[in-house]
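See structure below.
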Amino acid sequence: MNLMIIPIVTEKANAISEKTNRFSFKVSPDANKYQIKDAVEKLYDVKVVGVSTMNYEGKKKMRYTKRGIQRGKVAAFKKAVVTLAEGQTIDFYSNI
């Protein structure tokens, strides 16, 4: 299985990671907590203490244009919040 892990880098996610040492990732919808833990540990070389997952439904969007009402949907996704061991951290900006 190809496990997709994309870090979520927003103001809210950064504030949470600075306070509580928890990092957010967008992951594959069919990934489980054990696979996410193994992938994060291998990818970032850190010790993961816990993983919480959330499934987000896709939102319906609508906009008014010259051609009429355009309707669509934002894709659904799964979010994982990973808690690291004390003293460990992930630097997302080191590759820039």
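For the reader, a short list of remarks on this structure follows.
- Each helix, a run of at least 4 DSSP H residues, gives -39500 (n - 2.57); summed and divided by the residues of the chain, these come to -7000 deg cm²/dmol at 222 nm.
- Over the chain, accessible surface divided per residue gives 77 Å², non-protein components excluded, 1.4 Å probe.
- A cut-off of 5 Å between modelled amide H atoms, ignoring neighbours fewer than 5 places along the same chain, links VAL49 with THR83, LEU84, ALA85.
- The fraction of accessible area contributed by carbon and sulfur in the stretch 1-73 is 49 percent, rounded to a whole number (1.4 Å probe; ligands and nucleic acids excluded).
- Hz values of 3J(HN,Hα) by residue in the stretch 75-89 - Karplus curve (6.51, -1.76, 1.60), Gly and Pro given as x: 5, 6, 8, 10, 10, 10, 10, 9, 9, 9, 5, 4, x, 9, 8
- Candidate cross-link partners of LYS73 among the lysines, defined by an alpha-carbon separation under 21 Å and a same-chain spacing of 8 or more, comprise LYS26, LYS59, LYS60, LYS61.
- Potential lengthening between GLN88 and LYS19 on full extension [0.36 nm per residue; Cα-Cα distance subtracted]: 23.6 nm
- Whole-Hz couplings from phi, Karplus 6.51/-1.76/1.60, listed for the stretch 24-34; x for Gly and Pro: 9, 9, 9, 10, 5, x, 9, 7, 9, 5, 5
The values are calculated or read from the model by the stated rules, or taken from the named source; none is laboratory data. Only a predicted model underlies this, so the values are computations on that prediction, with no experimental measurement involved. Side chains are part of the model used for accessible areas, which takes the heavy atoms of the whole protein and leaves out ligands, DNA and RNA. Shrake-Rupley method; radii C 1.70, N 1.55, O 1.52, S 1.80 Å.
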